[in-house]
Amino acid sequence: YAFSDDMHMFVGLSSEQATFKQRGAQSNVDPNTAAPNWRAKNKDDFDSATVGFRWDNIAQRWGLELDYTYADSQGSTSMGQLAAGSGFPDFRSERNTARLDVTYQLNPRVELRGGWLYERYRSSDWHVDGTAPDTLGGVLTWGAAAADYEVSVVGVSFVYRLDLPRPPLEY
């Protein structure tokens, strides 16, 4: 939404669901000629939302942008023999991101920028959670754990524009 030429607000929402099925055969015979004897069903849900605000040309030189994003995902896997069903634990992730950018137009060619980014990410993943260095999972994942972090970053930069139009030549 544009409040004016220099002031804007934006909102974005998304949702996605993915489901797929698999069937296979397990056998101790080489080559495997067994009829299908197992199945799996995966269901993944992804949801996200973003809201932000941008204000350019504050006092002719300043700009400000602020936004927030939330993302959530959940997944489940059921697997079992064709005669009996079973499942793995569900997995989930959640991400929260906030960003602030400030710009200052030093002259028509040079813009100074400063910003702050904060992100918090949490997940639970049964593939890697709870494995020790001496378990098979520890060997396969090299001791990795599900991502779980908070980070805050401050940045400073500048932009130099080479593409500004030249004034017309005067004779």
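The values are calculated or read from the model by the stated rules, or taken from the named source; none is laboratory data. Bear in mind the structure is a predicted one, so any value in this text is a computation, not a measurement. We place every Cβ from the backbone using ideal geometry, glycine too, and count neighbours over all the protein chains shown. Note: accessible area is taken over every heavy atom of the protein model, side chains too, but ligands, DNA and RNA are not part of it. Shrake-Rupley method; radii C 1.70, N 1.55, O 1.52, S 1.80 Å.
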Item to check | Net charge of neighbours whose Cβ lies under 14 Å from the Cβ of ASP44, counting Lys and Arg as +1 and Asp and Glu as -1 | outcome: -2
Checklist entry - Once the other residues with Cβ under 13 Å from the Cβ of SER4 are scored (Lys, Arg +1; Asp, Glu -1), what is the net sum? => result -2
Checklist entry - Got a number for carbon plus sulfur as a percent of region 1-129's accessible area, 1.4 Å probe? => result 55 percent
Checklist entry - Quick one: Karplus J couplings for region 97-106, per residue in order, coefficients 6.51, -1.76, 1.60, θ = phi - 60°, nearest Hz, x for Gly and Pro? => result 10, 10, 9, 10, 10, 10, 10, 9, 8, 5
Item to check | Per-residue ³J(HN,Hα) for region 35-45, Karplus 6.51 cos²θ - 1.76 cosθ + 1.60, θ = phi - 60°, Hz, x for Gly and Pro | outcome: 6, x, 9, 8, 9, 8, 9, 10, 9, 10, 10
Checklist outcome for this item: Env charge @ GLY80, Cβ radius under 11 Å, K,R +1 / D,E -1, value +2
Next on the checklist: Can you tell me how region 1-130 classifies by the Cα gyration tensor, rounded, prolate or oblate, using a/c under 1.5 as the rounded cut?
Outcome noted: prolate
